[in-house]
């Protein structure tokens, strides 16, 4: 099963506004360039306006990144709802149906639809079977800092082992005091129930090493 | 097995898969993507998926699971990359898929065409006998504009005085007409009501203008102007309505599917018609801008070309792509 994390209202609105700004800037640039074309200028401008209005998102969604520049800036991309790259037909559908989402005004229907669904689809996404998701981040390869491994004194369930390892992974980003507090919760594994302090913390982190397989 | 052993044991597979994916995308070796051994990629992909499942089931540390998620999702995207864009696909669309889709949607096309024709004829006759009624669909200044555009003294037929060149009008027709057709399609999502409104409104407007100008005795200039490009334009508007009606109908009568599934199927099938009518509107815009408005072309030529266009469009939609592949 693939991990897809649908993007919510805030991220998508920001991406939309950013795209709006980019479109506006492209158009302003075009108006300037079009002056050079003389008689052809109005035609070129009108055609580009049409392309910007309707096909700007389609063109960008079909690139390898599957996202408009605004979405890319916010780390979003559009995929089919089974996680596959978006198809041209789906991209066209979801972007033409923007018209329906926009009604009655200011994306009213799209907003209601998006907010009432757990996967944040607007009407266009429903019809096109697409999903706006967060781009998977570069995996953090964060091998834990080497500490003397320490054997747990009681048998520990797999979930709990994972929790202790996760704590060890977060250790560098926590203050020493907070780390001690959290380590105190896990203290029973090192036989330190009810105690806390740097010494207990060191043992708990050592146990994380042991769970990872260092002996 | 401990997480560290697991990582050491299989890391080489994951790295090889990442390497192959990077080669496919051409990320690491300059711009040019290299072709890679597909069998090997698929085998590694399946293996890495197994590793991911194991890592999750055994509650391995988050960094390990995340890393495997990243690799498998990259591979998934690369393996199922679509190859829908291309010249061959475009050819097939127009020689086969589009006319077939139109025929597959015949009931919707007929309904849309009937609605358009009925409103056009009704408003046309009404306005012909009571010209003041045109003010119910267009403002007084628009009406004055229409009259001036098709008057016998207009230097270029079908354009308000001071309008731009042929090219400017070409741009205007594309933006305006394709936009209307897209809206007509999209608003079908509301149980088809939006499409019905747009078809009826466009039919009414066309009928009213035709009725009014005929009553004013400007029929020759008006009809010689519209008759050629309307072969593409009116057909395209009717088709956009038909595609919209299909969307609405899929929601009202989903059959054995859920409404959502039914909508997805309808959208996937009707989008072929959207490709088709967009292309037709481009052709219509070109004809309208460069041919229809030309005053120097004798009427008999215009009408013969128009007849050819109508025959071509209708027989294309009826006959093209019928042969089994």
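The values are calculated or read from the model by the stated rules, or taken from the named source; none is laboratory data. Keep in mind the model is a prediction, meaning the values are calculated, not measured. Positions of Cβ are generated from backbone atoms using ideal geometry, with glycine treated the same way; all protein chains shown enter the neighbour counts.
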| query | In the stretch A:99-118, what count of residues is obtained for those that are over 30 Å from residue B:75 (Cβ atoms), within 11 Å of chain B (Cβ to nearest Cβ), surrounded by fewer than 19 Cβ atoms within 10 Å (Cβ to Cβ) and modelled with pLDDT of 90 or more? | reply | 1
| task | Return the only residue of A:94, A:12, A:23 being modelled with pLDDT of 90 or more and either more than 24 Å from the chain's Cα centre (by Cα) or within 12 Å of another protein chain (Cβ to nearest Cβ) (or both). | result | A:94
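How about the stretch A:181-215: which of its residues are closer than 16 Å to residue A:147 by Cα, within 31 Å of the chain's Cα centre (by Cα) and away from chain B (no Cβ under 14 Å)? Spell out how you get there, then give the answer.
Of the stretch A:181-215, the ones closer than 16 Å to residue A:147 by Cα are A:183, A:190, A:198-215.
Then drop every residue that is not within 31 Å of the chain's Cα centre (by Cα), which leaves A:183, A:205, A:208-209, A:211-212.
Across the stretch A:181-215, the qualifying residue is only A:183.
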| said: If I filter the stretch A:133-151 for residues that are farther than 30 Å from residue A:206 by Cβ and surrounded by 22 or more Cβ atoms within 10 Å (Cβ to Cβ), do I get at least one hit? | reply: yes
| query | List pairs: first in the stretch B:4-25 and without any contact (Cβ under 8 Å) to a residue 12 or more places away in the chain, second assigned to a helix (DSSP H, G or I), Cβ under 7 Å, 6+ apart or cross-chain? | reply | B:4/A:212
| request: Pull up the stretch B:55-84, narrow it to residues that are buried (at least 19 other Cβ atoms within 10 Å of the Cβ) and assigned to a loop (DSSP other than H, G, I, E, B), then point me to the one that is farthest from the other protein chains (Cβ to nearest Cβ). | output: B:60
| task | Please indicate, with yes or no, whether at least one residue in the stretch A:55-72 is within 10 Å of chain B (Cβ to nearest Cβ), without any contact (Cβ under 8 Å) to a residue 24 or more places away in the chain and more than 18 Å from residue B:267 (Cβ to Cβ). | result | yes
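In the stretch A:164-174, is there at least one residue being surrounded by 12 or more Cβ atoms within 10 Å (Cβ to Cβ) and assigned to a loop (DSSP other than H, G, I, E, B)?
Within the stretch A:164-174, the subset surrounded by 12 or more Cβ atoms within 10 Å (Cβ to Cβ) is A:164-171, A:174.
The next check asks that each one be assigned to a loop (DSSP other than H, G, I, E, B); those that pass are A:174.
Checked against the condition, which is being surrounded by 12 or more Cβ atoms within 10 Å (Cβ to Cβ) and assigned to a loop (DSSP other than H, G, I, E, B), the stretch A:164-174 yields at least one hit.
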| Selection status of residue A:64, part of a helix (DSSP H, G or I) and either under 23 Å from the mean Cα position of the chain (by Cα) or crowded, with 19+ Cβ neighbours inside 10 Å (or both) | no
| field | Qualifying positions in the stretch B:263-292 - more than 14 Å from residue B:105 (Cβ to Cβ) and surrounded by 19 or more Cβ atoms within 10 Å (Cβ to Cβ) | value | B:263, B:264, B:278, B:280, B:281, B:284, B:285, B:287, B:288, B:289, B:292
| said: Condition check: in a helix (DSSP H, G or I), assigned by TED's automatic domain parsing to the domain that holds residue A:117 and farther than 27 Å from residue B:183 by Cβ. Does residue A:94 satisfy that? | reply: no
